[in-house]
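Data first, discussion second: the structure below is written as structure tokens.
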Amino acid sequence: MAAEAAFYPPNPAVTERAHVKSNEEYKEMYQRSIDDPDSFWSDIADGFYWKQRSTNKHSENLDVRNGRVEVEWMKGSSTNICYNVLDRHVKSGSGSKVAFFWEGNDPADSSKITYEELLKEVCKFSNVLKGKGVKRGDRVAIYLPMIVELVIAMLACARLGAVHSIVFSGFSSDSLAERILDSQAKILITSDGVYRGDKLIPLKDIADGAVEICQKANFELKHCVVVRHCIERMNKDRTNGVANGASSTDAIKWNQSLDLWWHDLMDGADEWCEPEWLDAEDPLFMLYTSGSTGRPKGVLHTCGGYMLWAATTFKYSFDYHEDDVYFCTADIGWITGHSYITYGPLANGATSVLFEGVPTFPDASRYWAIVDKYNVSKFYTAPTAVRALMTFGTEPVKKYKRTSLQVLGTVGEPINPEAWLFYYNVIGDGRCSIADTWWQTETGGHMITTLPGATPMKPGAAGLPFFGIKPVIVNDKNEELHGPCEGYLCIKQSWPGIMRTLFGNHERYEDVYFKPFPGYYYSGDGCRRDESGYYWLTGRSDDVLNVSGHRIGTAEIESALVEHDSVCEAAVVGMDHELKGQALFCFVTLAAGIDFTSELAGQLKQQVRRKVGPFASPDYIQEAPGLPKTRSGKIMRRILRKLAIGSDDHGDISTLADPAVVAQLSKGRSLAIRVAAS
Ligand code: WTA
């Protein structure tokens, strides 16, 4: 086992005013949360508004051997999360506090919105949705860039008890359509487009493509609501002959029977909307995430437990205080944005920065310019962003003061010690606490992290379990390991923020998360526990890929590849990548008579970008006359991962139906075509 890593103590300035000031205090609270979770969470729930409060204790069965897997927290209590994140603060006199500083892609574009103003806009849009027939339980698909309307739309759904299903604006028409069809959404909300850096993403055009696919599948959306966001620039760029990627002759196409402008609908909408009082266990939102097999899974979170979880983890993991300015660089289209841009910060009455752009536009110091502009004290980003910014050296960082920073968070993948040290020493000037937060779409919020004022940090380790979390490491035989060890990371008892089901597919929920290691929730991650009880995540132990902190299922990429006429079969694996964490290496078996050329490789790359989204772009494509399969036909990705990196150590290949394919692929490795942009 590796030597014990050095401890970095918390930043003393953070400790001084922290909610939890020492490891002992953390341990004491943690123990209470494990010994009596109901009273621990009931105390926390006291800080929220409940229309009705039941005395029900939580109930759970995580063990498939005992029947249906089920989790309930605070069932019988009624509340509304929108009321808790907005009305509650306005009523207590904080209405004039800024909820969001919006910072546009172009540094000259910015605005702000207070809690009071946000509430008014949310009420108006709730009334708009109501007027269009959206009711409690209906699904609403949201495909928007990082603009305030995205927050307004999601909170309006929450106010009505409608289930929002946000699709990241980097997804393609096909992926969006698939998600609309699976969720049977009534309404789609999008914008004309969005500029990220110099590049236009023609969202309305992509949404139109999705609508068409839905129509072909005999599914009719009721309406498509369109936010007018950048059409002036889109038109101007078109007039000036700048290609903007939209396929229509006008900057956007308009479908009279379906499309409605957001601003027309909001014009004159009533400024008050009574919230729907929902059971704590009623659904709040669904969010698709990738698994190792099959189509994306609609992870479903509920109102009460998720609210407590997002709010409490935000408060403690970032040691939030009223005078903080918080900036999370994630996109709301992913779970990090749901929990730590919208619900967690707003539940705490925080002031946040909502950033539309990219870290390298207009230059690589953009984050630090924003930090100084708003005096950001708590900053949350992904290791891939830190690594990308490291390549520009220290100069873009040092150009700005960053003296307001106190806590730096990271999420999305294990952070390599080199990136951790750059984050700590250069970005944080050696005086900020780092919170490496391990969690997942499925967990709703942080699960393992250090607390900024209490727990010493180790570069590369996520740290210790959050309140209420009982991590266990198990081996292949489903045996719980003790002390320092390495194995599969599972969780032993439920917590308020755990997803309750996969939308419309409870069986798959049980199969994926509870059957692999009976008695536990299985995270899909490998993990090591060291002498100090710290958890070190070692990456996915299933076939899920993690590219730039985005979860991608191998099955999604493979099905995009085989849809190309020239491809019979495909297998995709991840290989280590300096910046992105993982790069995509694709093996393709071609149809008879097709030659593997760089033109074809380019087409296949485009096919994946079109079908899944540009963020899932392949890096290498290799022709595979055959794939290493077991006799039962299962592709042995373990071997493909070795082949991708050119390793000769292929492990045990005796169980393969045809071991000769390994030598063949090994020989062909030098002919793999690199399709990634350099
Ligand atoms: C990985 C993102 C190591 C992990 C919130 C997990 C991490 C998957 C960390 C979930 C971290 C996330 N250290 N690995 N701090 N945070 N991961 O659902 O493999 O998009 O299972 O949620 O990201 O990705 P998801």
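The values are calculated or read from the model by the stated rules, or taken from the named source; none is laboratory data. Keep in mind that this is a model prediction, so the values were computed, not measured. Ideal geometry is used to build each Cβ from the backbone, glycine not excepted, and the neighbour counts take in all protein chains shown.
Taken over region 445-460, the residue count meeting the criterion of being under 24 Å from Thr384 (Cβ atoms), crowded, with 24+ Cβ neighbours inside 10 Å and not aliphatic (A, V, I, L, M) is 5. The set of residues in region 40-70 that are within 15 Å of Tyr83 (Cα to Cα) and of a type in the set (Lys, Arg) contains only Lys51. Which of the residues belonging to region 198-226 are assigned to a strand (DSSP E or B) and either in contact with a His (Cβ under 8 Å, 6 or more places away or on another chain) or acidic (Asp, Glu) (or both)? Of everything in region 198-226, nothing turns out to be assigned to a strand (DSSP E or B) and either in contact with a His (Cβ under 8 Å, 6 or more places away or on another chain) or acidic (Asp, Glu) (or both).
Criterion first (within 14 Å of the ligand (Cβ to nearest atom), over 21 Å from Lys75 (Cβ atoms) and not β-branched (Val, Ile, Thr)) does Arg508 satisfy it? No: the conditions fail for Arg508. For the structure I just gave you, tell me whether Gly533 is surrounded by fewer than 19 Cβ atoms within 10 Å (Cβ to Cβ) and within 12 Å of the ligand (Cβ to nearest atom). Criteria not met by Gly533. Here Glu507 clears all of (1) of a type in the set (Asp, Glu); (2) buried (at least 18 other Cβ atoms within 10 Å of the Cβ); (3) free of Cβ contacts under 8 Å to residues at least 60 places away in the same chain except the condition numbered (2). Scanning region 439-485 for residues that are away from the ligand (no atom under 15 Å from the Cβ) and within 30 Å of Pro296 (Cβ to Cβ) gives Gly468, Lys470, Val472, Val474, Asn475, Asp476, Asn478. When region 196-212 is filtered for residues that are farther than 30 Å from Thr360 by Cα and surrounded by fewer than 18 Cβ atoms within 10 Å (Cβ to Cβ), only Glu212 remains. Screening region 419-437 for residues that are touching a helix residue (DSSP H, G or I) at 6+ places or on another chain (Cβ under 8 Å) and more than 13 Å from the ligand (Cβ to nearest atom) and picking the one that is nearest to Lys315 (Cα to Cα) gives Ser433.
For every residue, the table says whether it meets (1) within 21 Å of the chain's Cα centre (by Cα); (2) over 18 Å from Leu300 (Cβ atoms).
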position	(1), (2)
Met146	yes, yes
Ala158	yes, no
Leu176	yes, yes
Gly193	no, yes
Gly209	no, yes
Leu221	no, yes
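All of Leu421, Leu346, Leu389, Leu354 fail the test of being more than 21 Å from Val547 (Cβ to Cβ), hydrophobic (A, V, I, L, M, F, W, C) and free of Cβ contacts under 8 Å to residues at least 40 places away in the same chain, apart from Leu421.
When region 133-156 is filtered for residues that are assigned to a loop (DSSP other than H, G, I, E, B) and under 24 Å from Ile113 (Cα atoms), the ones remaining, listed by number, are Leu144, Pro145, Met146, Ile147. Inside region 429-439, can you point out the residues that are of a type outside the set (A, V, I, L, M) and crowded, with 20+ Cβ neighbours inside 10 Å? Correct list: Cys432, Ser433, Asp436, Thr437, Trp438, Trp439.
Can you tell me which residue within region 511-530, out of those that are hydrophobic (A, V, I, L, M, F, W, C) and more than 30 Å from Phe7 (Cα to Cα), is nearest to the ligand (Cβ to nearest atom)? Among residues in region 511-530 that are hydrophobic (A, V, I, L, M, F, W, C) and more than 30 Å from Phe7 (Cα to Cα), the one nearest to the ligand (Cβ to nearest atom) is Val512. If the condition is being at pLDDT below 95, assigned to a helix (DSSP H, G or I) and within 14 Å of Ala570 (Cα to Cα), then region 596-639 contributes only Arg637.
What about Val140, is it buried (at least 24 other Cβ atoms within 10 Å of the Cβ) and touching a Lys or Arg at 6+ places or on another chain (Cβ under 8 Å)?
Working: buried (at least 24 other Cβ atoms within 10 Å of the Cβ): yes; touching a Lys or Arg at 6+ places or on another chain (Cβ under 8 Å): yes.
Spelling it out, Val140 is indeed buried (at least 24 other Cβ atoms within 10 Å of the Cβ) and touching a Lys or Arg at 6+ places or on another chain (Cβ under 8 Å).
For region 546-585, what are the residues that are closer than 20 Å to Asp331 by Cβ and either among the charged types (D, E, K, R) or near the ligand (Cβ under 10 Å from one of its atoms) (or both)? Once the filter is applied, which keeps residues that are closer than 20 Å to Asp331 by Cβ and either among the charged types (D, E, K, R) or near the ligand (Cβ under 10 Å from one of its atoms) (or both), region 546-585 yields Asn546, Gly549, His550, Arg551, Ile552, Glu556, Lys580, Gly581. Taking region 358-387 as the range and being crowded, with 19+ Cβ neighbours inside 10 Å and either assigned to a helix (DSSP H, G or I) or at pLDDT below 95 (or both) as the test, the residues that pass are Arg366, Tyr367, Trp368, Ile370, Val371, Tyr374, Pro383, Thr384, Ala385, Val386, Arg387.
Every residue in region 53-92 that is hydroxyl-bearing (Ser, Thr, Tyr) and in contact with a Ser or Thr (Cβ under 6 Å, 6 or more places away or on another chain), please. Break it down stepwise before answering.
Going residue by residue through region 53-92, those that are hydroxyl-bearing (Ser, Thr, Tyr) are 54-55, 59, 77-79, 83, 92.
Passing the criteria: Ser54, Ser77.
Listed here are the residues, each with its yes/no results for (1) away from the ligand (no atom under 16 Å from the Cβ); (2) within 18 Å of the chain's Cα centre (by Cα).
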residue	(1), (2)
Val299	no, yes
Gly305	yes, no
Asp324	yes, no
Ile335	no, yes
Ile341	no, yes
Glu356	yes, yes
Thr360	yes, no
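If the condition is being over 23 Å from Ala419 (Cα atoms) and not hydrophobic (A, V, I, L, M, F, W, C), then region 446-477 contributes Gly468, Lys470, Pro471, Asn475, Asp476, Lys477.
Tell me whether region 394-417 contains one or more residues that are within 14 Å of the ligand (Cβ to nearest atom), more than 30 Å from Gly298 (Cβ to Cβ) and not aliphatic (A, V, I, L, M). Scanning region 394-417 turns up at least one residue that is within 14 Å of the ligand (Cβ to nearest atom), more than 30 Å from Gly298 (Cβ to Cβ) and not aliphatic (A, V, I, L, M).
Could you list, in sequence order, the residues of region 649-658 that are under 14 Å from Arg638 (Cα atoms) and either assigned to a helix (DSSP H, G or I) or in contact (Cβ under 8 Å) with a residue 24 or more places away in the chain (or both)? Spell out how you get there, then give the answer.
Of the residues in region 649-658, the ones under 14 Å from Arg638 (Cα atoms) are 649-656.
Those that are under 14 Å from Arg638 (Cα atoms) and either assigned to a helix (DSSP H, G or I) or in contact (Cβ under 8 Å) with a residue 24 or more places away in the chain (or both): Ile653, Thr655, Leu656.
Is there a residue being under 30 Å from Trp73 (Cβ atoms), out of contact with any Asp or Glu (no Cβ under 7 Å at 6 or more places or on another chain), part of a helix (DSSP H, G or I) and at pLDDT 95 or above anywhere in region 389-402? There is no residue in region 389-402 that is under 30 Å from Trp73 (Cβ atoms), out of contact with any Asp or Glu (no Cβ under 7 Å at 6 or more places or on another chain), part of a helix (DSSP H, G or I) and at pLDDT 95 or above.
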